[in-house]
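Chemist: Supplied in structure tokens, the structure appears directly below.
The values are calculated or read from the model by the stated rules, or taken from the named source; none is laboratory data. Worth saying up front: this structure is predicted, and the values here are computed from it rather than measured. Don't worry about glycine lacking a Cβ; one is built from the backbone with ideal geometry, like all the others, and counts go over all protein chains shown.
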Amino acid sequence: MRKVTLDDNVCAGFGNCALTAPEIFRFDDAELIGQVVREEIDDTDPEQLANAKLAEADCPTHAIQVN
């Protein structure tokens with residue numbers, strides 16, 4: 001299992017994560033930041049893991065960690 005985190009103190013609200021991996025992230029319109037909706041990713045689901053890693057790489061403020 002991989003753990004997905006998003007540092008809301010670093011997130012600037014671009015929303016790339018929610019567009020890239022909506023099954024893992026959502027955009028909070030009230031707070032204007034991304035939020036993790038699925039904190040654990042199963043290593044046996046390569047598509048979901050790839051989407052999480054892509055969201056991590058695409059985050060302009062590096063607020064996302066996939067460990």
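Chemist: Out of all the residues in segment 10-21, which are in contact (Cβ under 8 Å) with a residue 24 or more places away in the chain and assigned to a helix (DSSP H, G or I)?
Modeler: We begin by selecting, within segment 10-21, every residue in contact (Cβ under 8 Å) with a residue 24 or more places away in the chain; these are 10-12, 14, 16-17, 20-21.
Scanning segment 10-21 gives N16, C17, T20.
Chemist: Separate question: For segment 24-45, give me each residue that is exposed (fewer than 13 other Cβ atoms within 10 Å of the Cβ) and in contact (Cβ under 8 Å) with a residue 40 or more places away in the chain.
Modeler: D42, D43 - these are the residues of segment 24-45 that are exposed (fewer than 13 other Cβ atoms within 10 Å of the Cβ) and in contact (Cβ under 8 Å) with a residue 40 or more places away in the chain.
Every residue, every condition in (1) more than 19 Å from V10 (Cβ to Cβ); (2) not in a strand (DSSP E or B), yes or no:
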| position | (1), (2) |
| --- | --- |
| E23 | yes, yes |
| E31 | no, yes |
| G34 | no, no |
| T44 | yes, yes |
| N51 | yes, yes |
| E56 | no, yes |
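Chemist: For segment 1-23: of the residues being surrounded by 14 or more Cβ atoms within 10 Å (Cβ to Cβ) and of a type in the set (V, I, T), which is nearest to the chain's Cα centre (by Cα)?
Modeler: Looking at the filtered set, the residue picked out is V4.
Conditions (1) touching a Phe, Trp or Tyr at 6+ places or on another chain (Cβ under 8 Å); (2) among the hydrophobic types (A, V, I, L, M, F, W, C); (3) within 13 Å of D7 (Cβ to Cβ), marked per residue:
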residue: E23; (1), (2), (3): no, no, no
residue: D28; (1), (2), (3): no, no, no
residue: E31; (1), (2), (3): no, no, no
residue: E40; (1), (2), (3): no, no, no
residue: T44; (1), (2), (3): no, no, no
residue: L54; (1), (2), (3): no, yes, no
residue: A57; (1), (2), (3): no, yes, no
residue: Q65; (1), (2), (3): no, no, yes
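Chemist: I would also like to ask the following. Under 9 Å between Cβ atoms, which residue pairs at least 6 apart in sequence (or on different chains) link something in segment 46-67 that is modelled with pLDDT of 95 or more with a partner that is part of a loop (DSSP other than H, G, I, E, B) and among the polar types (S, T, N, Q)?
Modeler: A63/N9
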